[in-house]
Amino acid sequence: MSSLWLFLHFLGFAMWLGGGLASMFAGIASRSETRSGLGAVVRAQSAIQRMIIAPGALLTVLSGLMLTFALAGMASANVWLMVMQGAGLVAGLLTLFVALPTATRLSRLDPSGEQAAYFDELRKRQKVVGVIWGALGLLALVGGSLVR
């Protein structure tokens with residue numbers, strides 16, 4: 001059963017960080033877009049968030065919790081395992097409870113209309129949260145790689 005949880009953990013992590021990279025590069029490529037073109041980019045990023053990133057984050061966090069419960073009987077605690085668990089849990093919570101709702105709100109706004117200021121504010125928040133959970137996700141990857 002542990003092998004299944006480990007597979008689901010790796011699958012979720014690949015979806016999560018892979019989708020995050022796709023969304024990040026779409027954002028970088030959109031710098032040359034007009035205001036009206038930003039709406040299409042943001043809607044695509046929102047779809048990536050809803051269909052790939054959020055399910056991947058949820059799958060990673062849930063399978064990680066199941067793997068942690070399986071390790072509960074072991075006496076030794078590894079610092080890198082705790083780094084992976086802590087960084088992954090915080091990154092998952094940020095993804096599910098901040099980034100996902102922000103992306104959904106952004107996709108409903110018109111970037112060039114009356115809501116342009118709110119659109120820019122949410123887009124800034126999305127960038128900051130994306131950088132934070134991306135860095136924490138990479139830290140979790142490093143921690144997981146160094147677990148012996």
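Points to keep in mind about this one:
- In this structure, Gly86 does not qualify as touching a helix residue (DSSP H, G or I) at 6+ places or on another chain (Cβ under 7 Å), assigned to a helix (DSSP H, G or I) and not β-branched (Val, Ile, Thr).
- Region 106-148, subset surrounded by fewer than 17 Cβ atoms within 10 Å (Cβ to Cβ) and among the basic types (Lys, Arg), residue farthest from the chain's Cα centre (by Cα): Arg148
- Criterion violated by Leu11 - all others in (1) surrounded by fewer than 13 Cβ atoms within 10 Å (Cβ to Cβ); (2) under 14 Å from the mean Cα position of the chain (by Cα) satisfied: (1)
- Filtered by the rule that a residue be surrounded by fewer than 14 Cβ atoms within 10 Å (Cβ to Cβ) and over 11 Å from the mean Cα position of the chain (by Cα), region 81-103 gives Met82, Pro101.
- The lone criterion from (1) of a type outside the set (Lys, Arg); (2) touching a residue at least 60 places away in the same chain (Cβ under 8 Å); (3) surrounded by fewer than 17 Cβ atoms within 10 Å (Cβ to Cβ) left unmet by Trp16 is number (3).
- Of the residues Ala47, Ala40, Ala77, Ala54, the single one that is at pLDDT below 95 and either part of a helix (DSSP H, G or I) or at positive phi (or both) is Ala40.
- Selected residue (criterion: nearest to Arg105 (Cα to Cα)) from residues of region 27-42 that are loosely packed, with under 15 Cβ neighbours inside 10 Å and of a type outside the set (Ser, Thr, Tyr): Ala40
- Residue within region 101-111 that is in a helix (DSSP H, G or I), within 30 Å of Ser2 (Cα to Cα), modelled with pLDDT of 90 or more and not basic (Lys, Arg) present: no
- Conditions (1) modelled with pLDDT of 90 or more; (2) farther than 23 Å from Phe119 by Cα; (3) of a type outside the set (A, V, I, L, M): number failed by Thr95: (2)
The values are calculated or read from the model by the stated rules, or taken from the named source; none is laboratory data. Because the structure is a prediction, the values reported are computed rather than measured. As a convention, Cβ positions derive from the backbone with ideal geometry for all residues, glycine included, and neighbour counts pool all protein chains shown.
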